[in-house]
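Please see the structure below; I have some questions.
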Amino acid sequence: MLYDASRVGNADAALFDIAAWRAQGALTAASAGRGAVYFINAGERRWVLRHYRRGGWIARLSTDAYLWTGEERTRPFREWRLLRELRAAALPVPVPVAARYCRRGLIYRGDLITEEIPGAQPLSVSLQASPLVAATWRDVGQCVRRFHDAGVCHADLNAHNILLDGAGRVYVVDFDRGARRAPGSWRVANLARLERSLRKVCRDLPGDRLGGDVWAALAEGYADDAVTSRAWQRQ
């Protein structure tokens, strides 16, 4: 479902009304940061609502306003469509539920709703609790490789956007600015970004969180020597 909430009388705007969800007692959790994320209990369904927010220096000018360049280029619509493609390709991503933008003149603001992945938590949270076994790291590397084989470039592949569910299955979330590309150096850049994120997350954790076999297990799961020799295998 894609909505232009700038149109008067959009009955579906209530889907994105955080105050209304809170009043119903359906807002189960919220997470601040660059992307404001809200967890919603919508009857038998559990949703994640994300309001698009800017990062970096430009956030000093506006926290959530984007330049209007056409409906098809709005960030929530592009991410919603990409998630639909990835689901159709059987890749482990959340189910897209709805997206909207609110335009005012030359700027717009946007939101995206996806289904919550039951029992899943970020890799960064799992690492805080305990070290991960080599098999899990191999699964993470294999998951990243699946996306790369499908030409999916994640704009911010990090330890917060990789999730593990209760059965150890690996998912990837937050595809804002993501795109499908021809094979190229972006794959190495993806792995390098993930490496930096893991080191940052584990900087103040016990040394066993990134033990010597972690990088080898990731590389084994990814299983592309031409790429990992420039990333994890050098560890």
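Pull up all non-local amide H partners of I107: gap of 5 or more, or a different chain, and H-to-H distance under 5 Å with H placed in the peptide plane.
Correct list: W68.
Compute, for D156, the solvent-accessible surface of its heavy atoms (probe 1.4 Å) with the complete set of protein chains present, and express it in square angstrom to the nearest 10.
My reading of the accessible area for D156 is about 40 Å².
How large is the convex hull of the Cα atoms of the chain per residue, expressed in Å³ as a whole number?
Measuring per residue, one finds 144 Å³ for the Cα hull of the chain.
Tell me the per residue accessible area of the chain using a 1.4 Å probe; a whole number in Å² is fine.
Per-residue value: 51 Å².
Kindly point out which whole DSSP H helices in the chain project their C-alpha atoms 15 angstrom or further along the helix axis while averaging a Kyte-Doolittle hydropathy of 0.0 or above.
Correct list, ordered by number: 212-222.
If we restrict to alpha carbons, what Rg and Dmax does region 136-192 come to, in Å?
According to the Cα coordinates of region 136-192, Rg and Dmax are 11.1, 34 Å.
Okay, moving on. Of L106, L132, P92, which is farthest on the positive side of the dipole of region 76-139, counting Cα position, with +1 on Lys and Arg Cβ, -1 on Asp and Glu Cβ, and the Cα centre as origin?
Most positive-ward Cα: L106.
Further question on the same structure: Given the convex hull over the Cα atoms of region 93-166, what projected area results after averaging over all orientations, in nm²?
6.8 nm²
Moving on to the next point. How much length, in nm to one decimal, is gained on full extension between R199 and V133, taken as 0.36 nm per residue of separation minus their Cα-Cα distance?
Additional length available on full extension: 22.1 nm.
With a 1.4 Å probe and every protein chain kept in, tell me what percent of the accessible surface of the chain is carbon plus sulfur.
Answer for the chain is 50 percent, counting heavy atoms of protein chains only.
Taking H placed 1.01 Å from N in the peptide plane, check which residues at least 5 places from T28 or on another chain put their amide H under 5 Å from its amide H.
For T28, whose amide H was placed from the backbone, the distant partners under 5 Å are F39, I40, N41.
Further question: Any chance you could get the radius of gyration and Dmax over the Cα atoms of region 151-233, in Å?
13.2, 39
The values are calculated or read from the model by the stated rules, or taken from the named source; none is laboratory data. Please read these numbers as outputs of a predicted model, since none were measured by experiment. Quick reminder, even Gly has a Cβ in these numbers, built from the backbone with ideal geometry, and neighbours come from all protein chains shown. Accessible surface areas use protein heavy atoms only, side chains included; no ligands, DNA or RNA. Shrake-Rupley method; radii C 1.70, N 1.55, O 1.52, S 1.80 Å.
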